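A.B. asks: Quick one: the structure is below, and I'll ask about it shortly.
The values are calculated or read from the model by the stated rules, or taken from the named source; none is laboratory data. Everything quoted here is computed from the prediction, not taken from an experiment. Cβ: placed from backbone, ideal geometry, glycine included. Neighbour counts: every protein chain shown. Please note that ligands, DNA and RNA were not included when accessible areas were found on the heavy atoms of the full protein model with its side chains. Shrake-Rupley method; radii C 1.70, N 1.55, O 1.52, S 1.80 Å.
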Amino acid sequence: MNILILGSGGREHTFAWKIAQSKHCDKLFVAPGNAGTQSIATNFNIGVNDFEAIKELVLAEDIKMVVVGPEDPLVNGIHDFFLKDEDLKDIIVVGPQKEAALLEGSKEFAKEFMSRHNIPTAAYKSFTKETVLEGHKFLQTLNPPYVLKADGLAAGKGVLIISDLEEAREELSNMLVDAKFGEASSKVVIEEFLDGIELSCFVLTDGKNYKILPTAKDYKRIGEGDTGLNTGGMGAISPVPFADEVLMKKIENKIVKPTIDGFQKDNLPYKGFVFIGLIKVGDEPKVIEYNVRMGDPETEAVLPRLKTDLVELFAAFKDQTLNQKTIEIEEQAAVTVVLVSGGYPEAYQKGKEIFGIETVEDSIVFHAGTTTNNGKTVTSGGRVLAITSYGEDYKKALKKSYQNIDKLCFDKMYYRKDLGFDL
Ligand code: AMP
Ligand code: GLY
């Protein structure tokens, strides 16, 4: 069948790489894609939220499956758009419907869902402009640091962790009254600070059955030792060494099962990936957040470890038969190291020629922010490439990625050399 992937980052290049290997994939399209997807699929310069243009492409190219990379089109209802259209309704869309995508689109919705289904998470209360004074009082009852979360999508910037009470009160007012994050912070969730180590668990579900994919740990801060500004992600490691059998059983029984059962009980239409951000407090896993898509750059370390044909798993969404599939996972570890443009996550320059990609051996180069210009591959984003390697353990895998990175360059290239430092 012909398949379309929506998005343009490293996650989408990884999907394209994996799906291109499927015996069920005939023609592969990516919209809008990048220089990496262009080498294995056909790119179309269509935005991920331009549903009418996507429809035209799907019908013109006889596409039967659409894999949605980022959260935006899901929160905007792309899956519902397909189901409501006579010509599109039988096409398999990977990603939840709008109502279920609120798990990522609204922190309050996610917290209420967890509380309804007894899923362990931080205690919380939410506030609006009208209740800002109550919010100030609530902050006084908590111990620092204070965690403030804009309710809506804020491009990964909507969470503030503040140690000073006065500053926390100020920021709460900034968010609610002065619309610091626009409409996204018209409601703010204040929650208990959880102290522990983070990991991410990825689940594929047809709405009824589920398969747990490999775990991963990502490195979000720009600076070594997890310092400096938050980024989209500077690298990832899979599996997470401390996610042993005991912890994974707890995650499955206390979090994954009640989440999938919760979709059914609440009639939340969900066919796609659930990305569960977790924090291990003592020996207990607690949920920090749900995302309704795969992580980036986690995908670049997780999908290379999936041996099973991904298209076959997606095809099981149609009649909810994911329980009849088995998944096979590569024993080796996989890691990815992200190369970024100097200045990122603040201002950076684009259009820098990238050298050395063809010299990489024994690693996979996934493109994130790249494009082609006069036959040359040039940078077009903050995160530029993700270099993935396998190894007996994450240290050996990292060594390979770092050896290959020595052969790559573009003006002001930067990457973290300390991935795994905390493990
Ligand atoms: P989120 O956007 O919800 O993933 O939050 C961004 C980051 O803030 C997470 O990856 C955590 O590092 C941190 N964080 C969020 N909520 C909490 C919490 N309740 N306690 C401690 N850290 C948190
Ligand atoms: N790497 C974190 C995310 O994709 O949200």
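A.B. asks: Roughly speaking, to the nearest percent, how much of the chain's 1.4 Å accessible area is carbon and sulfur?
C.D. replies: Ligands and nucleic acids excluded, carbon and sulfur give 47 percent.
A.B. asks: If you don't mind, there's one more thing I want to ask. Any idea what % of Cα-Cα pairs in the stretch 190-266 are farther than 19 Å?
C.D. replies: 51
A.B. asks: Same structure, new question: Please list log₁₀ I(q)/I(0) at q = 0.08, 0.14 Å⁻¹ for the chain, using the Debye equation with identical point scatterers on the alpha-carbon positions.
C.D. replies: -0.43, -1.39
A.B. asks: Which of Thr131, Thr42, Thr259 moves most in a GNM of the chain, Cα contacts under 10 Å?
C.D. replies: Checking each option, the largest mean-square fluctuation is seen for Thr131.
A.B. asks: A further question follows. Which values of log₁₀ I(q)/I(0), to two decimal places, follow from the Debye formula for the stretch 161-235 at q = 0.11, 0.21, 0.22, 0.28 Å⁻¹ with a uniform point scatterer at every Cα?
C.D. replies: Taking Cα atoms of the stretch 161-235 as identical point scatterers yields -0.50, -1.07, -1.08, -1.16.
A.B. asks: With a 1.4 Å probe and all protein chains kept in place, how do Asp406, Asp206 rank by accessible area, largest first?
C.D. replies: Working: Asp406 120, Asp206 0 Å².
So the residues, ranked largest to smallest area, are Asp406, Asp206.
A.B. asks: Mean shadow of the stretch 228-334, computed from the convex hull of its alpha carbons, in nm²?
C.D. replies: Quarter of the Cα hull surface area: 8.3 nm².
A.B. asks: Further question: Using a 1.4 angstrom probe, figure out how much accessible area the chain has per residue, in square angstrom, rounded to the nearest whole.
C.D. replies: On a per-residue basis, 42 Å².
A.B. asks: Using only C-alpha atoms and all pairs of different ones, pull out the Kirkwood radius for the stretch 264-423 in Å with one decimal.
C.D. replies: 18.1
A.B. asks: Within the set of other residues whose C-beta is less than 13 Å from the C-beta of Gly228, count the net charge using Lys and Arg as +1 and Asp and Glu as -1.
C.D. replies: Working: positive: Lys220, Arg221, Arg416; negative: Glu224, Asp226, Glu346, Asp418.
The answer is -1.
A.B. asks: Checking the cross-link filter: which lysines have an alpha carbon closer than 18 Å to that of Lys417, excluding same-chain neighbours under 8 positions apart?
C.D. replies: Lys217, Lys220, Lys395, Lys396, Lys399, Lys400, Lys407
A.B. asks: Using the Cα atoms of the stretch 174-308, I'd like the radius of gyration and the largest Cα-Cα distance, Dmax, both in angstrom.
C.D. replies: 16.2, 50
A.B. asks: Over 5 Å intervals from 0, what percent of Cα-Cα pairs in the stretch 1-143 sits in each interval?
C.D. replies: In whole percents, the pair-distance histogram is 2, 9, 16, 16, 15, 10, 8, 8, 7, 5, 3, 1.
A.B. asks: Now for a different question. Need one number: the % of Cα-Cα pairs in the stretch 360-423 sitting beyond the 19 Å mark. Show your work: numbers first, answer last.
C.D. replies: On the way: 709 of 2016 pairs.
More than 19 Å apart: 35 percent of the Cα pairs in the stretch 360-423.
A.B. asks: Given a 10 angstrom Cα cut-off, can you work out which residue in Lys271, Lys249, Lys211 is the most mobile in a GNM of the chain?
C.D. replies: It is Lys249.
A.B. asks: Got a sec? What order do Thr128, Thr326, Thr372 fall in by accessible area at 1.4 Å, biggest, i.e. largest, first? Walk me through the numbers on the way to the answer.
C.D. replies: Numbers: Thr128 40, Thr326 115, Thr372 60 Å².
Descending accessible area places them as Thr326, Thr372, Thr128.
A.B. asks: While we're looking at this one, here's another question. Report the residue, chosen from Ala123, Ala334, Ala184, that carries the largest GNM mean-square fluctuation when the chain is represented by alpha-carbon nodes joined by springs under 10 Å.
C.D. replies: Evaluated over the chain, the most mobile residue of the options is Ala123.
A.B. asks: So how compact is the stretch 59-169: Cα radius of gyration and Dmax in angstrom?
C.D. replies: 18.9, 59
A.B. asks: How many angstrom lie between the Cα centre of the stretch 328-382 and the Cα centre of the stretch 46-69?
C.D. replies: First find each Cα centre; the distance between them is then 26 Å.
A.B. asks: Report the local net charge at Gln349: Lys and Arg +1, Asp and Glu -1, summed over other residues whose C-beta lies under 13 Å from its C-beta.
C.D. replies: 0
A.B. asks: Sticking with this structure for a sec: Can you give the three extents of the C-alpha atoms in the stretch 85-132 along their principal axes, from longest to shortest, in whole Å?
C.D. replies: Cα extents, longest axis first: 47, 28, 13 Å.
A.B. asks: Where the only charges are on Cβ atoms (+1 Lys, Arg; -1 Asp, Glu), what is the dipole of the stretch 187-339 about its Cα centre, to the nearest 20 debye?
C.D. replies: Rounded to the nearest 20 debye, it is 460 debye.
A.B. asks: Assign one of three labels to the stretch 247-307, namely rounded, prolate or oblate, based on the Cα gyration tensor with a ≥ b ≥ c the square roots of its eigenvalues; rounded applies when a/c is under 1.5, prolate when it is not and a/b is larger than b/c, and oblate otherwise.
C.D. replies: Oblate is the answer for the stretch 247-307, as a/c is 1.5 or above yet b/c matches or exceeds a/b.
A.B. asks: Then there's this: D for the stretch 278-341, whole µm²/s, Stokes-Einstein with Kirkwood Rh over alpha-carbon pairs at 25 °C and 0.890 mPa s: what number?
C.D. replies: Numbers: Rh = 14.6 Å.
Rounded to a whole number, D works out at 168 µm²/s.
A.B. asks: Of Lys107/Lys318; Lys137/Lys271; Lys27/Lys265; Lys27/Lys280, which pairs sit farther than 32 Å apart, going by alpha carbon to alpha carbon?
C.D. replies: Lys137/Lys271; Lys27/Lys265; Lys27/Lys280
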